[in-house]
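Enquirer: Got a structure here, written out as structure tokens. Questions coming.
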Ligand code: HEM
């Protein structure tokens, strides 16, 4: 047989196998009765392509609009929109094993210097429970209260440095300034030392740049691993992405230096950083390996900074786009405090309308808009939102899609903070607010929720009290043009700000 015949036979065989595989998925697979676009149900490839383009969350919303509250988004994967699905998929229930994360959807650690098994995100259930208990000490309500001085320090520094920068150029990229603030704060909290982006007058740090670029590129190339292409192509990657890999290594080394320096200082009664809590405990079961300390410090900074900065950027954008809402929230904040020192992590909890504005921002622009899949692990499957789902099915709720789905909210595409008030207008009475879980639920939900609330409330209140702001390019869409991966790929948010004269 000649070379052409051999190639033709091989190609025909591959096509036949692919066709058979697609037909099996469509007509014989246990998920065949779930609705969804045929191509997505037959093959994983459309999901992978949409994901690599940063379009998956938007496409899933379109699918829900067309097919209903449950859609098949890949041969073995379903997306839900009903509030009860949160607990069924992600919660821990008596008599049922925890549904593990589907690692195929998660970016591997930005720096792999310490081994992914050491980190809270990728740890096994048993390892995770141990890490969660140990790190949990630094996230109790009392511990978060203890961070008040740290929160005030960085929010005041933001105001101070932004005022100086505005003196030179009233148009600033607020998305970058929020990164500086949340990375400095979380760095101080996780490493015991900040990146000094704010006190250097608003300068980025290679660590931030590496994280922000690394997570998006990581999400994209990680998709190749679904076909084992990453493993096959890894020798080529070091040729093409050598610089990026070097930066990730540098970030690993930098983390190591900061953690080592903090450990050398030892336990200090007046410090409130995470490592201080760990150093305080003498219990044998609380002692962590140094690789675990490095990996989790890095995880905390990555998970805690980017998300909060996204939310703050989003809230400024939506307020600028809705001048009446901006005026109302400015009135509330400016009418509540006569002097800056009255704005504290405690006093901001009384700002009911501002809190509603933040809730509405998390609905229309959830900082992690993606679906974080869990694998149904009960041997005989389980019920999710009243439907039977077979074992090994990947199940999600895509935040972005569920929060903008018409069956969950009235006027879902509109930014209306009033829907979150106790006396919400009657048209929002049937809103399913409980579907909005931007921090997720269950044992692997966000550990930093309390800190995130404290940060976003204080920083937004300070910004609203000190500055008037408007979009520098009002005709340009910002949020509408962003790509959504596990996180959003943020572009500069150019805002013209003026300090308020009093
Ligand atoms: C608006 C801000 C935030 C949002 C929307 C957010 C959202 C989330 C979400 C959705 C998850 C779960 C992902 C999954 O299931 O795989 C998560 C996990 C996590 N978050 Fe946050 N987060 C925020 C702020 C923070 C902060 C401030 C910290 C800490 C400084 C933090 C630390 C973590 C950690 C360590 C995990 C992994 C928890 C575990 O696996 O047990 N997050 N976050």
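The values are calculated or read from the model by the stated rules, or taken from the named source; none is laboratory data. Quick caveat, the model's predicted, so the values are computed rather than measured. With ideal geometry, Cβ positions are generated from the backbone for all residues, glycine too; neighbour counts draw on all protein chains shown.
Enquirer: In a loop (DSSP other than H, G, I, E, B), modelled with pLDDT under 95 and over 27 Å from residue 186 (Cβ atoms) - does that describe any residue in the range 484-497?
Expert: no
Enquirer: So, one more: Touching a strand residue (DSSP E or B) at 6+ places or on another chain (Cβ under 8 Å), in a helix (DSSP H, G or I) and within 14 Å of the ligand (Cβ to nearest atom): does that describe residue 299?
Expert: no
Enquirer: For the range 280-296, give me each residue that is within 16 Å of the ligand (Cβ to nearest atom) and touching a residue at least 40 places away in the same chain (Cβ under 8 Å).
Expert: Passing the criteria: 288, 292, 294, 295, 296.
The rows are residues; the columns are (1) crowded, with 22+ Cβ neighbours inside 10 Å; (2) in contact with a strand residue (DSSP E or B) (Cβ under 6 Å, 6 or more places away or on another chain); (3) assigned to a strand (DSSP E or B).
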position	(1), (2), (3)
361	yes, no, no
369	yes, yes, no
379	no, no, no
383	no, no, yes
397	yes, yes, yes
401	yes, no, no
407	no, no, no
412	no, no, no
427	no, no, no
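Enquirer: Restricting attention to the range 80-96, and to residues there that are farther than 21 Å from residue 431 by Cβ and within 14 Å of the ligand (Cβ to nearest atom), which single residue is nearest to the chain's Cα centre (by Cα)?
Expert: Once the filter is applied, the top-ranked residue is 90.
Enquirer: Can you find a residue that is in contact (Cβ under 8 Å) with a residue 12 or more places away in the chain, more than 27 Å from the chain's Cα centre (by Cα), more than 16 Å from the ligand (Cβ to nearest atom) and not in a helix (DSSP H, G or I) anywhere in the range 247-265?
Expert: No, because not a single residue in the range 247-265 is in contact (Cβ under 8 Å) with a residue 12 or more places away in the chain, more than 27 Å from the chain's Cα centre (by Cα), more than 16 Å from the ligand (Cβ to nearest atom) and not in a helix (DSSP H, G or I).
Enquirer: Here's a follow-up. Among what's in the range 439-475 and is assigned to a loop (DSSP other than H, G, I, E, B), out of contact with any strand residue (DSSP E or B) (no Cβ under 8 Å at 6 or more places or on another chain) and more than 16 Å from the ligand (Cβ to nearest atom), pick the residue that is farthest from residue 175 (Cα to Cα). Walk me through how you get there before you give the answer.
Expert: Going through the range 439-475, the residues assigned to a loop (DSSP other than H, G, I, E, B) turn out to be 439-448, 472-475.
Cutting the leftovers down to out of contact with any strand residue (DSSP E or B) (no Cβ under 8 Å at 6 or more places or on another chain) gives us 439-443, 445-448, 474-475.
Restricting the remaining residues to those that are more than 16 Å from the ligand (Cβ to nearest atom) gives 474-475.
Working: 474: 16, 475: 18 Å.
The residue in question is 475.
Enquirer: Something else: Any idea which of (1) surrounded by 15 or more Cβ atoms within 10 Å (Cβ to Cβ); (2) modelled with pLDDT of 95 or more; (3) touching a helix residue (DSSP H, G or I) at 6+ places or on another chain (Cβ under 9 Å) is the one residue 444 doesn't satisfy?
Expert: It is condition (2) that residue 444 fails.
Enquirer: A follow-up question, please. Residues being touching a residue at least 40 places away in the same chain (Cβ under 8 Å), more than 15 Å from the ligand (Cβ to nearest atom) and outside any loop (DSSP other than H, G, I, E, B): count how many of those fall in the range 177-206.
Expert: Of the residues in that region, 1 qualify.
Enquirer: Could you grab me the full set of residues in the range 350-382 that are under 21 Å from residue 401 (Cβ atoms) and away from the ligand (no atom under 11 Å from the Cβ)?
Expert: Result: 359, 360, 363, 364, 375, 376.
Enquirer: Then there is this: Which of the residues spanning the range 97-122 are modelled with pLDDT under 85, over 27 Å from residue 290 (Cα atoms) and either crowded, with 19+ Cβ neighbours inside 10 Å or within 12 Å of the ligand (Cβ to nearest atom) (or both)?
Expert: Passing the criteria: none in range.
Enquirer: Which count do you get for residues in the range 128-150 that are more than 13 Å from the ligand (Cβ to nearest atom), surrounded by 12 or more Cβ atoms within 10 Å (Cβ to Cβ) and assigned to a helix (DSSP H, G or I)?
Expert: Result for the range 128-150: 3.
Enquirer: Would you confirm, using the coordinates I've provided, whether residue 277 is farther than 30 Å from residue 421 by Cβ and within 16 Å of the ligand (Cβ to nearest atom)? Don't jump to the end; show me each part of the working.
Expert: Values: farther than 30 Å from residue 421 by Cβ: yes; within 16 Å of the ligand (Cβ to nearest atom): yes.
Yes: the conditions hold for residue 277.
Enquirer: Can you run down the residue pairs with Cβ atoms below 6 Å, 6 or more apart or on separate chains, where the first is in the range 131-142 and closer than 14 Å to residue 120 by Cα and the partner is away from the ligand (no atom under 11 Å from the Cβ) and in a helix (DSSP H, G or I)?
Expert: Between residues of the range 131-142 that are closer than 14 Å to residue 120 by Cα and residues that are away from the ligand (no atom under 11 Å from the Cβ) and in a helix (DSSP H, G or I), the close pairs are 134/286.
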